[in-house]
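Notes to accompany the following structure.
Read-outs throughout are calculated quantities, based only on the coordinates presented, and are distinct from any laboratory measurement. Worth saying up front: this structure is predicted, and the values here are computed from it rather than measured. Cβ placement follows ideal geometry from the backbone for every residue including glycine, while neighbour counts extend to all protein chains displayed.
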Amino acid sequence: QGPAPIRVDVNLVVLDATVKTKSGQIMANLKKEDFEVREEITFGVPDLKVVFQAGPAASSTASMLLARLASDSDVSEMEKLRLFLEAARSLGGGLVVHDVLHNMLECALRLTKAERGFVYLREKAGMPALACGLDSRGNQLTQADNASHSVIQEALSSASEFIVADAFLQSTLATRRSIALNELRTVVAIPLRSHRVAAGVPCDEREQTEVQGVLYLDSHIASRNLTGVAPEVLRALAGECAAVLESARLMEAEQAARQYRQELEIASGIQRSLSSEAEVLCDLARVAGRTIPCKEVGGDFFDVRVSPEAVTVIVGDVSGKGISAALLAFLLHGMFYAQISGGVSLADAARAINRFLCSRFAGQKYATLLAAQLKKDGQLEIVNCGHVPAIIAAGNVITQVREGDLPVGLLAEATFHTTQAQLAPGARLAIITDGISETENAAGAEFGLGRVEDLLPGEHPIADILAAVNAFCDNTEARDDRTLLVLERLQ
């Protein structure tokens with residue numbers, strides 16, 4: 001139907017100052033024009049309705065100020081109201097935060113005739129930080145050395161309000177060091193309060209107030225104009241600004257969440273490109289691998305490299321989660337592929353990867369790796385860099401290859417060696433990550449290697465092992481990636 005025109009009615013008062021114009025959508029038109037006292041308009045949302053009441057309501061919103069001041073013939077007061085409404089519109093006009101603060105200061109300075117104004121925002125540590133400053137000529141101020149920082153800190157920490165036309169007439173302020181030394185006469189400090197609604201609590205206790213910052217004004221002369229400004233005008237102006245700041249905070253949080261989701265999608269794509277599921281068949285061997293990613297993207301990967309002389313496999317598990325782990329896994333995957341393609345031995349490839357990680361990350365990032373190479377004569381060579389032991393199943397004989405070295409990336413001087421074994425035709429090699437062996441059930445027991453050994457000789461070892469893991473943990477969500485690779489010699 002298009003946007004509905006916004007009209008100001010002196011008989012309609014918005015009781016909640018946090019309700020903003022231009023933030024709603026007309027869902028249906030009401031045909032009734034006259035409402036009786038206590039009649040209601042509901043919106044299909046619990047605890048949200050409009051109730052028509054008789055008599056004035058105590059409020060400091062723009063509509064209430066208009067109703068209160070429209071009947072006043074004082075031109076200067078109407079000019080102040082015009083300034084307030086002008087600022088309120090600009091505060092809700094989708095400006096960036098700095099522009100919002102700048103406009104609020106301009107309006108406040110013109111209302112009060114103060115010499116200068118500042119906006120302080122609360123830092124994470126609770127201390128005030130200067131966000132914007134202006135003098136009465138419109139010049140930007142980047143320092144507030146002569147301001148009353150004790151007043152600013154008190155307004156921020158205790159939500160106290162100061163509206164003083166002549167500080168020398170108030171003994172509690174006149175004795176403050178900052179006011180006395182700087183000869184400040186007019187001092188205004190109004191907290192910027194945001195109103196939030198807490199879920200899961202009674203309706204009358206839901207609203208929570210948080211001080212986001214302070215609007216501060218001062219002058220070296222007493223302001224006669226300040227006495228003619230209703231405190232509600234300044235409070236409402238600060239309230240409008242706080243509402244915009246809260247909206248900006250929510251927008252920043254949403255942008256951060258959106259960026260995080262995008263990063264997770266990138267990391268998930270990287271992980272899927274590395275090793276989600278693969279099956280390789282050649283004259284020498286059959287290799288199958290699968291990764292079941294957890295909810296939070298991890299750093300598991302595997303790869304299979306087939307050459308005329310051998311079949312080489314690797315399974316890795318990078319420390320940490322998220323996009324950094326996925327990117328590092330992608331990097332290690334590429335490095336290993338380049339090393340093996342260049343004819344480098346498994347031990348030398350592990351040393352090269354270890355030196356690179358230590359030189360770049362100084363032990364802050366590491367990975368466990370297990371690589372194996374099967375040659376035509378059945379000779380199997382294994383290098384284990386801090387990884388879960390490999391398992392060999394030859395008929396009814398099950399063997400764990402437990403020899404190994406440090407993870408890559410921990411110690412630049414680490415040495416790496418290989419273990420030799422003979423893989424007969426029909427024998428299988430299984431490599432898993434700790435996401436399988438360390439899966440826990442409700443009692444806190446781990447899945448372990450024994451169950452993998454029992455299922456490895458079966459007809460469908462990968463499907464059987466992963467199904468057993470799910471049954472063991474009662475299909476609860478995985479806390480770590482689960483990766484399994486099985487190599488079977490064919491001849």
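Tabulated values for the structure
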| quantity | calculated |
| --- | --- |
| Computed lengthening from Ser157 to Val280, 0.36 nm per intervening residue step minus Cα-Cα distance | 37.7 nm |
| Environment charge of Gln379, counting only residues whose C-beta is closer than 12 Å and scoring Lys/Arg +1, Asp/Glu -1 | 0 |
| Relative contact order %, segment 276-489, counting alpha carbon pairs below 8 Å whose residues are six or more apart | 25 |
| Total formal charge among the other residues, if their Cβ is under 11 angstrom from that of Ala468, Lys/Arg +1 and Asp/Glu -1 | -1 |
| Length-normalised contact order of segment 280-396 in % [C-alpha pairs under 8 Å, at least 6 apart] | 23 |
